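First the structure, in the form of structure tokens, and then the observations on it.
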Amino acid sequence: MEFVLEARGLCKSYLENRALKPLNLSLQQGEIFSLLGPNGAGKSTTINLFLGFIKPSSGAAYINGIEVARNPVEIKRYLAYIPEQVVLYPNLTGLENLSLLSCLAGYRYNKQELRGLLMKAGLQSEAIDRYTGGYSKGMRQKVGIAGALAKKAKVLLLDEPTSGLDPKASNEFSVLLQQLSEEGTAVFMATHDIFRAREVSTRIGIMKAGELVHELRSGDMDANELEKLYLNYMHD
Amino acid sequence: MIRTISQKEVTSVLRDKRFVLIGVIVVLLLVAAVITGIISYKQLSAERTIAQQEASNDFKDQPARHPHRMAHYGSYAFRPKSSFSFFDFGLDSYTGTMVYLEAHQQNSSNFSTVQQSGSLLRFGELTVAFVLQWLIPLLIIFLSFNTFTQEKEDATIKNLLSQGMTVGEIALGKLHGYLKVLTLILVPALLATFVFMFLANDLKFNGDFLLRLALFVAAYSIYFFIFLALCILVSAFNQYSRTALISLLAIWIFCCILLPKITANMGSLLFPAPVKAEMDALVHHAASKGIDGHNPQDKRRADLTKKLLAKYKVDSVSQLPVNIDGVIMAEGEAYSSRVYAEEFDKLADTFRKQSSISEWAGFVNPFQAIRYISMGLAGTDAAHYVHFLKAAEAYRYQLTQHLNHLQASKLKYHDKDTRLDSSHWKNYPEFEYRQPPVTFALSRHWISIAALLTWGILLLSLFRYLISRLFKP
């Protein structure tokens, strides 16, 4: 089985400060991996390394078997990134924003197909032709997901996707991720939401001070036990 | 990819109500400037044609007179409006419109529009050139100052970059998009201009006119491109929209207001022009005392008399077959005109030197380049004015010499009473001024043309490089 996302001894230091200690991690198609940890634990650093926005100090990150640091443009074909706040052009409608995103990724869709993608990402049909200036965070996120669908991404990177979402939107988001996972997309997300992570993920990692201190399958324990485990690590 | 960005910019701009409002205002101003320009062109050129006709008729309709009386009666040269002057009034409002042509002296031109109007005109007129040179750059600034900074502030730039686009490609897309928006605004305005020009139907649609029009469009297109490219560069360089806007407004004030005044003042400081009275006194002095001071008028007359007596082998001036009064008059006119022409050329040269500083400044400031090109094409610059003055002076000289010749050949010595028949002036050709062709304007403004082209070509070829060097995330 080949891995669509892989870290081999991936490490990042800023001067004396080790932002990420050597990380070994691999995800297969359809797996959802949640990275838990406090602010400053190195979650965003890890995501930025996979995106190629920063260069590793040693080790390497691979997307679809291609080394990120050497092919920063090529790997973007297989990868979609949804930041904590999805930013869109407020003067364009949801449909036009998606059209722009997919055009830049090299895909041309007609209006019907774009509409289909937005509906699949869970955007209400009456919102599709409204300007995104009036969208909520959840709605903008859905446009982002539709962008990932549009470019047929194999890997989806998410940075704190559920923070600031209301419970219903958060739940819809979890359902959407599972749907993507069933279609073979690998999902890697950094989150604070232990409950969502436990519910939606196949695997969970706990990160502290730049180090992956614990890794488990989400079936191994329930949410309460997971929270206890997490807090134990943080109290040390 | 570049076209996708371009399309996005066009859509965003057209949906921005603020921009649409500013755009509509600018187009309305442009159309208003065209209409008022054409109306005032029609009015002024009709007035001047009538005035010229009346002056010429007055001269022709003179009864039988002594020819030297006619030389003092004189005539008038009215400067016709150039058919493109409605586009760019240039110096036209400040330069005189009429010269009184008489024997013995070269009068300065009088009755400028400013002289005849209230003080309000001195604050500037609404002309097409004003809108194009001052306001459209402002419009371009408001249109594009935040094109990069907004994307940085909203972090949308990351979206674009994470799709594998380079900053250069994004910038080219933006450039393309904004050029399209400008075209959308200006082409209808240009078409409206055509319609009004056609309706005015006083204008002569010959090859020269169309060539000027094409050059106008080309020069202003380059000018707008330069401003737009600068705006995008500044926006890429700045991190915040407000600093980008302030930088661009500072550039606008410097280029469109400060530098032109500074260079103009430098010009008149470095190359001071003589006062009109000073120059008149100089010409008068040189004419009576001789150019070098050793050849005074009396001596020149005595020499001429001696020469004529020797030539016709007679003893006294009354025996000469020609009237020596006329000959002496012609000689004096020729001499003083030569002196005047020399002084006038020096003066024109001083003016040229004064403006040359502003012209060379075009390499620093594209505004000053387009200003001279525009005035030149409209035929309202200093060079065209000088061209008219020289034509008027040439006519004055020929007319006076014609009358001197009549006096020399048809009248007796010291005859002050005989009157020549009116047919002698009835058939003399009228003053008819022909505006020089477009090549005249181009040859006078090669510095400004070179400056504008240099700006355009440099920005076009270095745009991607500059963007990638200047871009700050």
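The values are calculated or read from the model by the stated rules, or taken from the named source; none is laboratory data. Note that this is a predicted model, so its numbers are computed, not measured. FYI the Cβ positions are ideal-geometry reconstructions off the backbone, even for glycines, and counts take in every protein chain you see. Ligands, DNA and RNA are excluded from the accessible area calculation, which covers all protein heavy atoms including side chains. Shrake-Rupley method; radii C 1.70, N 1.55, O 1.52, S 1.80 Å.
Quote the FRET efficiency, to the nearest 0.05, computed for B:LYS17 versus A:VAL175 with a Förster distance R0 of 35 Å and r equal to the Cβ-Cβ distance.
In this case the efficiency is close to 0.35.
For segment B:317-473, what mean projected area does the convex hull of the alpha carbons give, in nm²?
13.1 nm²
Students often get this wrong, so check it: of B:LYS42/B:LYS81; B:LYS299/B:LYS412; A:LYS12/A:LYS154, which have C-alpha atoms separated by over 20 Å?
Listed pairs above 20 Å: B:LYS299/B:LYS412; A:LYS12/A:LYS154.
Note down the relative contact order for segment B:133-284 as a percent, whole number, built from C-alpha pairs under 8 angstrom at least six residues apart.
Relative contact order for segment B:133-284 comes out at 48 percent.
If contacts are Cα pairs under 8 angstrom and at least 6 residues apart, what is the relative contact order of chain B in percent?
Once divided by the residue count of chain B, the mean separation gives 27 percent.
Can you tell me the length gained on complete extension of the stretch B:LYS289 to B:PHE271, counting 0.36 nm per residue apart and subtracting the Cα distance?
3.7 nm
For the pair B:GLN398 and B:ILE262, what calculated FRET efficiency results from E = 1/(1 + (r/R0)^6), where r is the Cβ-Cβ distance and R0 = 35 Å, to the nearest 0.05?
Taking R0 as 35 Å, the efficiency between B:ILE262 and B:GLN398 is 0.25.
Under a straight-distance cross-link criterion of Cα-Cα below 18 Å, which lysines are reachable from B:LYS17, leaving out those fewer than 8 residues away in the same chain?
Here the lysines satisfying the reach criterion relative to B:LYS17 are B:LYS8, B:LYS180.
Within 10 Å of each Cβ of A:66-75, how many other protein chain Cβ atoms are there on average?
Going residue by residue through A:66-75 and averaging, the value is 1.
So if R0 is 56 Å, what FRET efficiency would A:PHE195 and B:ARG3 give, r being the distance between their Cβ atoms, rounded to the nearest 0.05?
0.80
With each label point set 7 Å from Cα along the Cα-Cβ vector, what nm distance links B:THR36 and B:ALA155?
Distance between label points: 5.0 nm.
log₁₀ I(q)/I(0) of segment A:89-152 at q = 0.15, 0.21, 0.25 Å⁻¹, via Debye over equal Cα point scatterers, no solvent, to two decimals?
Debye intensities relative to I(0), on a log10 scale: -0.35, -0.70, -1.02.
Round to the nearest 10 and give me the degree value, 0 to 90, for the angle of helix B:446-470's Cα axis relative to the longest principal axis of chain B.
10 degrees
Output the relative contact order of chain A, whole-number percent, from Cα pairs under 8 angstrom with separation of 6+ residues.
Relative contact order of chain A: 27 percent.
As I understand it, the value is the acute angle between the Cα axis of helix B:2-15 and the longest principal axis of the Cα atoms of chain B; what does it come to in degrees, rounded to 10?
80 degrees
Rolling a 1.4 angstrom probe over the protein chains, ignoring ligands and nucleic acids, what is the accessible area of B:LYS390 in square angstrom, nearest 10?
It works out to around 100 Å².
What residues of segment B:309-346 lie in the reach of a label at B:TYR428, counting those whose backbone N is under 19 Å from a point 7 Å from the Cα along Cα→Cβ?
Inside the label zone: B:323-338.
So what is the calculated 222 nm ellipticity per residue for chain B, using -39500 (n - 2.57) for each DSSP H run with n of 4 or more, over all residues, to the nearest 500 deg cm²/dmol?
Theoretical 222 nm ellipticity from helices: -23000 deg cm²/dmol.
Rounded, prolate or oblate: which fits segment B:2-470, taking a ≥ b ≥ c as square roots of the Cα gyration tensor eigenvalues, rounded meaning a/c under 1.5, else prolate when a/b beats b/c?
It comes out prolate by the Cα gyration axes.
Kindly give Rg over Rh for the protein assembly as shown, based on alpha-carbon atoms, with the Kirkwood expression for the hydrodynamic radius.
Here Rg/Rh amounts to 1.25.
Measure off 7 Å from each Cα along the Cα-to-Cβ vector at A:GLU2 and A:GLU211, then give the distance between these two points in nanometres to one decimal.
Taking the simple label geometry, A:GLU2 and A:GLU211 are separated by 3.4 nm.
Charges only on Cβ, +1 for Lys and Arg, -1 for Asp and Glu: so what's the dipole of chain A about the Cα centre, in debye to the nearest 20?
Its charge dipole is roughly 700 debye.
Nearest 500 deg cm²/dmol is fine: what mean residue ellipticity at 222 nm does chain A get from its DSSP H runs of n ≥ 4 alone, each adding -39,500 (n - 2.57), divided by its residue count?
Computed ellipticity for chain A at 222 nm equals -10500 deg cm²/dmol.
For peptide A:95-108, compute the average count of partner chain beta-carbon atoms within 10 Å of each residue's beta-carbon.
Per-residue shielding by partner chains comes out at 4.
By how many degrees, between 0 and 90 and to the nearest 10, does the Cα long axis of helix B:297-312 differ from the longest principal axis of chain B?
60 degrees
How about A:LYS120: which aspartates and glutamates have a C-alpha closer than 18 Å to its C-alpha, ignoring those fewer than 8 places off in the same chain?
Once the sequence-local aspartates and glutamates are set aside, what remains near A:LYS120 is A:GLU96, A:ASP129, A:GLU172, A:GLU182, A:GLU183.
Give me the inter-chain shielding for B:159-169: mean count of other chain Cβ atoms within 10 Å, whole number please.
Neighbouring Cβ atoms belonging to other protein chains average 5 per residue here.
Out of the total accessible area of chain B (probe 1.4 Å, heavy atoms of protein only), what percent is carbon and sulfur?
Carbon and sulfur together cover 64 percent of it.
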